[in-house]
Amino acid sequence: MKEVTLNNGIVMPAVGYGTWQNRNGEGAVESVKEALKAGYTHIDTAACYHNEESVGEAIRQAIDEGIITRENLFLTTKVWNPDRGYESTLKAFNASITRLGVDYVDLYLIHWPANAKQFDNWEQINLDTWKAMTELYKAGKIRAIGVSNFKPHHLKALMETEVKPAVNQIEYHPGNLQEDIVTFCQDNDILVEAWSPLGTGRVLGDERLQAIAARYNKSVAQLCVRFALQNGVVPLPKSVTPSRIVENLNVFDFEIAEDDMADIRNMAPFGGSGLDADEVDF
Ligand code: A2P
């Protein structure tokens, strides 16, 4: 359970460290380094998080100090919305690896689909972005390519191209399971990753989750991380707090029983961000 294999054979550590809302600067370098020290070997960033320089700096320091090697690290970044399209994706990718100070990334994602609300030719835009990513993949600059926040109707055209998406990273946590997307992806061998696996902290005070977590002597955060794993979803919890960084990875010594899994699965919607890929205007 500590690793998953993507549809192109690439192995990904099953819990990643998320870095959203952790901007460039000393704090970001320190917390990413803290995560690497704690044993995370999977770091998720994005051009729009404005922290690729700090993530890169933390990785360099950790390599220099013998904490990790580049080969043992799984590094993800994403192309931001204004950079969609063929030429601009190629440029955006080069800018990302320059900021990160690496010569390849393990996973590169389209951050959000172009949608019909904003573009008549939304499907073509996504295909053009994908074409650039496919070329970078074939050139060995990216080990796996995927998407984020895509619904099945956004995914379909990409799935008919030469290289189909390996990953779809979506919002996923108790109270917001997006089961239609997860089922579609899992049926089509596309690995689902969870952003905001703790509901950006919003689900941590839920009394029902607290009661379940207490039965395992675990925190609600650990319950959420483990819940994603047991559903075949790769969680990307984020924290800037050293003790929580450690806590969120300490999820391999318990198993949520099926009736508790079902109780969590059956919770009515709560704690979601409300972001909808067909409705967003960014
Ligand atoms: P902080 O970074 O101050 O530690 P998500 O991963 O769903 O986006 O949630 C991130 C939020 O949850 C952050 O506000 C983070 O706070 C908080 N958080 C992360 N891990 C824990 C934890 N183990 N216990 C309590 N809060 C946590």
Give the range 213-236 a look and list any residue that's within 12 Å of Ala194 (Cβ to Cβ), within 10 Å of the ligand (Cβ to nearest atom) and assigned to a helix (DSSP H, G or I), or say none.
Cys224, Val225
Based on what the data block shows, is Gln169 within 16 Å of the ligand (Cβ to nearest atom), more than 22 Å from Thr45 (Cβ to Cβ) and either over 18 Å from the mean Cα position of the chain (by Cα) or not acidic (Asp, Glu) (or both)?
no
If the Cβ limit is 8 Å and pairs must be 6+ apart or interchain, which residue in the range 9-29 that is within 12 Å of the ligand (Cβ to nearest atom) and in a helix (DSSP H, G or I) pairs with which residue that is of a type in the set (S, T, N, Q) and at pLDDT 95 or above?
Ala28/Thr19; Ala28/Asn51; Ala28/Ser54
Pairing a residue in the range 75-91 that is under 25 Å from Val32 (Cβ atoms) and at pLDDT 95 or above with any residue that is among the aromatic types (Phe, Trp, Tyr) and outside any loop (DSSP other than H, G, I, E, B), where Cβ atoms lie under 8 Å and the two sit 6 or more apart in sequence or on different chains, gives Thr76/Tyr108; Thr77/Tyr108; Lys78/Tyr108; Val79/Phe93; Val79/Tyr108
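Here's the yes/no breakdown for (1) closer than 25 Å to Ala35 by Cβ; (2) within 22 Å of the chain's Cα centre (by Cα); (3) acidic (Asp, Glu); (4) modelled with pLDDT of 95 or more:
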{"site": "Ala213", "(1), (2), (3), (4)": "yes, no, no, yes"}
{"site": "Cys224", "(1), (2), (3), (4)": "yes, yes, no, yes"}
{"site": "Phe227", "(1), (2), (3), (4)": "yes, yes, no, yes"}
{"site": "Ala277", "(1), (2), (3), (4)": "no, yes, no, yes"}
When the range 180-203 is checked residue by residue, the ones that are assigned to a loop (DSSP other than H, G, I, E, B), buried (at least 19 other Cβ atoms within 10 Å of the Cβ) and within 16 Å of the ligand (Cβ to nearest atom) are Ser196, Pro197, Leu198, Val203
Applying the selection to the range 237-257, what residues are assigned to a loop (DSSP other than H, G, I, E, B) and either farther than 20 Å from Ser196 by Cβ or within 6 Å of the ligand (Cβ to nearest atom) (or both)?
Pro237, Lys238, Ser239, Val240, Thr241, Phe252, Asp253, Phe254, Glu255, Ala257
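The values are calculated or read from the model by the stated rules, or taken from the named source; none is laboratory data. What you see is a predicted model; the values in this text were computed from it and never measured. FYI the Cβ positions are ideal-geometry reconstructions off the backbone, even for glycines, and counts take in every protein chain you see.
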